[in-house]
1. Counting only C-alpha contacts under 8 Å and six or more residues apart, can you give the relative contact order of the range 458-538 as a whole percent?
2. Given 10 Å bins starting at zero, what is the percent of C-alpha pairs of the range 80-141 in each, up to the one with the largest pair distance?
3. Can you tell which of TRP523, ALA426, SER541 lies farthest toward the positive end of the dipole of the chain, using +1 and -1 charges on the Cβ of basic and acidic side chains (Lys, Arg; Asp, Glu)?
4. Ignoring the sites themselves, what is the longest stretch of the chain with no GluC sites (Glu not before Pro) in a DSSP loop and at most 16 other beta-carbon atoms within 10 Å?
5. Using 24 Å as the Cα-Cα cut-off, could you pick out the over-long pairs in LYS60/LYS86; LYS5/LYS130; LYS20/LYS130?
6. How large is the dipole of the range 234-379 about the Cα centre if only Lys and Arg carry +1 and Asp and Glu carry -1, each at its Cβ, rounded to the nearest 20 debye?
7. From the residues LEU308, TYR357, PHE385, which one has its Cα farthest along the dipole of the range 303-390 in the positive direction, the dipole being from +1 and -1 charges on Cβ of Lys/Arg and Asp/Glu about the Cα centre?
8. In whole Å, largest first, what are the principal axis extents of the Cα atoms in the range 143-244?
Amino acid sequence: MAKTKKLRIIPIGGLDEIGKNLTAFEYSSEIVIIDCGMAFPDNDMPGVDMVINDITYLVKNAQKIKGIFLTHGHEDHIGGLPYFLKEINVPVYGTRLTLGLVEHKLKEHNLVSRVSLKRTRVGDIVEVSKYFSVEFIATNHSIADSVAIALRTPVGTILHTGDWKIDTTPIVGEMIDLARIGQLGNEGVLALMSDSTNVERAGYAMSEKSVGDTFDRIFKGCNKRIIVATFASNVHRVQQIIDAAAKNRRKVAVSGRSMENIVEISILLGYMKVPEGVLINIDSIKKYNPNQVVIITTGSQGEPMSALTRMAFSDHRKVEITKDDLIIISASPIPGNEKPVSTVINELFKIGAEVIYKSLMDVHVSGHACQEELKLMLGLAKPKFFIPVHGEHRHLVLHKHLAAQVGVPEERSFVLSNGTVLEIDADSAKISGTVPSGQVLVDGLGVGDVGNIVLRDRKHLAEDGLIIIVITIDNDNREMFSRPDVISRGFVYVREAEQLIDEVKNKAAAAVEDCLARRNVDWTMMKNNVRSSVARYIYESTKRNPMILPIIEEI
């Protein structure tokens, strides 16, 4: 009897981290992919613009890939697409708003004409290939048109929730389709892959509508100019800000490139309704009294170049914050962003502006399910196997424990890491090795050309500075043409440390003369001797380790 083939579930990104979501499902000669995201760089990645997945395994198996299926339009789920599609050109499936955002992104990379974008709707079932079909199921999240995906395979149905929560009063669209999820559970779900982001939070996530009620209360009777910072992709939140502004006879201006793009796309596709005459250009705000204006801006995460940060540091060309402004930060800091957000809030307070943020009022709710919702999902889907996804390692482990509380045996729950291969069939599941995975750093137009050595050098320069030692050698006479020249950047100011710099020159000269006195000494050895001699002296004198760069010129 022939051995039964197994489905291989391969998370390339999105585990032990928030971001870079990409999972491959492989059966026989076919692969389908759910999501293709990016992540923002950590503080130890100076100069890096974004982080994408290492897709070495998928490039190697490109002929097997039948398509990419997107759960929603957030950057951590679609941001890696342009870079992926430059390597592997496959059809991309998604709902209307999701593909609208993808198309805008592909235009920036001149890829629109090359890529096949296939629009789907909630309830659609796409017969992808011989072995795979995909059903799109309505969910609630902090962006419209979010879906869960039921992936039907020869070994059973895999239910991938995407990012989700239960919102019984959504701003746009319908409540999450719990009935369909329960129906799938009754039919039999082989494995559930569920969002773990808020597993540490008890209870239920609040409805997005509650934030709109808070905006109404704040806007009513406020005599100040109002500036609201939120995630650009949170179309529902932006809609509620616009609604509250219109209700209180205020004009709305938008600041920040990503905010401008998403508002434009959302209005064009009908996901955002703006009463006529409410939206004005940011250049026109001075034509109105402060109490007639609301500015919606990016920068809720304290990003250095974002609009709100530039406003806070009086560096914005069109908006100058004063003590007569009310600033609302309608977002929670992403883990790791607490300090830059706090810095921006402090700067706003220094200006004298009034600042409202989540600690003070309910101006933000999460788009991710909390514990009781996660339990409900597990109870409805009734999976044979459970794979927590979308979270740092502690989130995945806690979600596994939560699943055990509602009857999923711990031995049937799998906390995976990026690159781990889980082989699964109708009766069993086991980890069976790994594939290449990891981070690829994007810096400007460079993709992958910044690696650990470059990052190490950047950190070294940032922390300790640089000393350049220029040495001119008379090659014919085997002697120094002149005393070494020393240039310091980020280490000491030369004019205020003349004695230290003079001694650096002496140490460098002595090291060069020592080398010239020997036979068959190449420039590499000379540079190493200069570097080690000067480094030793500087550390003894200052207990610091700047980068030392000797340059040898011949005449």
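1. Rounded, it is 25 percent for the range 458-538.
2. Calculated P(r), rounded to whole percents: 20, 48, 30, 3.
3. ALA426
4. 1-173
5. From LYS60/LYS86; LYS5/LYS130; LYS20/LYS130, over 24 Å: LYS20/LYS130.
6. Working: 17 positive and 16 negative charges, 67 e Å.
Charge dipole, the range 234-379, about its Cα centre: 320 debye, nearest 20.
7. PHE385
8. Extents along the principal axes, in whole Å: 62, 26, 22.
The values are calculated or read from the model by the stated rules, or taken from the named source; none is laboratory data. These numbers were taken from a predicted model, which means no experiment stands behind them. Cβ sites come from the backbone with ideal geometry, for glycine too, and all protein chains shown count toward neighbours. When the accessible area is computed, the model is the full protein with side chains, heavy atoms only, and any ligands, DNA or RNA have been set aside. Shrake-Rupley method; radii C 1.70, N 1.55, O 1.52, S 1.80 Å.
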